[in-house]
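A.B. asks: There's a structure below that I have some questions on.
The values are calculated or read from the model by the stated rules, or taken from the named source; none is laboratory data. It should be emphasised that the depicted structure is a prediction, and the values quoted were computed from it without experimental measurement. No Cβ is skipped: glycine too gets one built from the backbone with ideal geometry, and neighbour counts run over all protein chains shown. When the accessible area is computed, the model is the full protein with side chains, heavy atoms only, and any ligands, DNA or RNA have been set aside. Shrake-Rupley method; radii C 1.70, N 1.55, O 1.52, S 1.80 Å.
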Amino acid sequence: MQRRVVVGVSGSLGSLTALHRATAEARERGSELYAVLAWQLPGGGLGGRATYGTAVLRECREAAVEDLCTALDTAFAAGGPGVPLVGRTVRGEPGAVLVDAVRSSDDLLVVGTGIRGRWLPGLRAPVARHCLAHAPCPVLAVPPNPLEAEIAAVRRRAWSVPYMTRK
């Protein structure tokens with residue numbers, strides 16, 4: 001059984017940073033890159049066919065596949081990752097889905113930690129915390145790219161500046 005580098009993908013800048021790091025790890029280890037996007041139904045995933053109907057389930061599943069393809073295209077463009085790549089979408093809580101995607105203790109799980117807020121800078125994202133606590137293999141928690149924090153700061157400032165002032 002080939003070793004894998006499992007990586008969580010959401011399409012965020014942080015997950016793209018984690019995806020690039022996971023690709024480098026897979027290349028170095030001679031492993032397969034296993035990109036996983038977890039998805040949920042509107043409202044947090046409670047309910048099922050009886051609540052939403054099969055059409056909504058199908059639409060959500062198709063949207064998740066499209067989001068994964070977009071994230072992989074954004075990360076690798078036409079050149080590809082340079083390692084064997086498997087992409088998978090799974091319905092469920094992201095942390096649990098990523099831990100379940102690990103096959104053995106020889107795998108490596110790579111997750112982004114997200115941007116740490118000003119109020120609780122020591123806390124990692126809930127997904128990363130879950131993976132660090134429950135994964136049966138080594139977990140690499142990738143901090144966000146420094147540019148991501150700068151972009152978030154610019155967005156916060158843009159929301160605090162009045163769009164139009166009246167006299």
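Residues checked against (1) surrounded by fewer than 20 Cβ atoms within 10 Å (Cβ to Cβ); (2) aliphatic (A, V, I, L, M):
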site	(1), (2)
Arg3	yes, no
Gly30	yes, no
Leu33	no, yes
Val36	no, yes
Phe76	yes, no
Pro84	yes, no
Gly87	yes, no
Ala96	yes, yes
Ser105	yes, no
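A.B. asks: Assuming Ala24 fulfils every condition listed in (1) surrounded by 17 or more Cβ atoms within 10 Å (Cβ to Cβ); (2) under 19 Å from Cys137 (Cβ atoms) apart from one, which condition is it?
C.D. replies: All conditions pass for Ala24, except number (1).
A.B. asks: Related question: Being among the basic types (Lys, Arg) and closer than 20 Å to Glu25 by Cβ is the filter here; which residues of segment 80-108 pass it?
C.D. replies: Across segment 80-108, the qualifying residues are Arg88, Arg103.
A.B. asks: Another question about this same structure. Can you name every one of the helices (runs of 4 or more DSSP H) wholly within segment 1-110 that holds 2 or more residues which are in contact with a Leu (Cβ under 9 Å, 6 or more places away or on another chain) and at pLDDT 95 or above? Step through it out loud before you land on a result.
C.D. replies: On the way: elements: 13-29, 49-52, 54-76, 94-101.
Filter on segment 1-110 gives 13-29, 54-76, 94-101.
A.B. asks: Within segment 119-128, does at least one residue satisfy the condition of being open to solvent by less than 90 Å² (accessible area, probe 1.4 Å), at pLDDT 95 or above, touching a strand residue (DSSP E or B) at 6+ places or on another chain (Cβ under 7 Å) and not in a strand (DSSP E or B)?
C.D. replies: No - not one qualifying residue is present in segment 119-128.
A.B. asks: Among the residues of segment 135-154, write down those that are over 15 Å from Ser12 (Cα atoms), part of a helix (DSSP H, G or I) and open to solvent by 70 Å² or more (accessible area, probe 1.4 Å).
C.D. replies: Val154
A.B. asks: Can you find a residue that is touching a Ser or Thr at 6+ places or on another chain (Cβ under 7 Å) and under 20 Å from Arg129 (Cβ atoms) anywhere in segment 25-37? I'd like the intermediate steps shown before the answer.
C.D. replies: Here is the first cut: in segment 25-37, the ones touching a Ser or Thr at 6+ places or on another chain (Cβ under 7 Å) are 33, 37.
Next cut, under 20 Å from Arg129 (Cβ atoms) only: 37.
The answer is yes; a qualifying residue exists.
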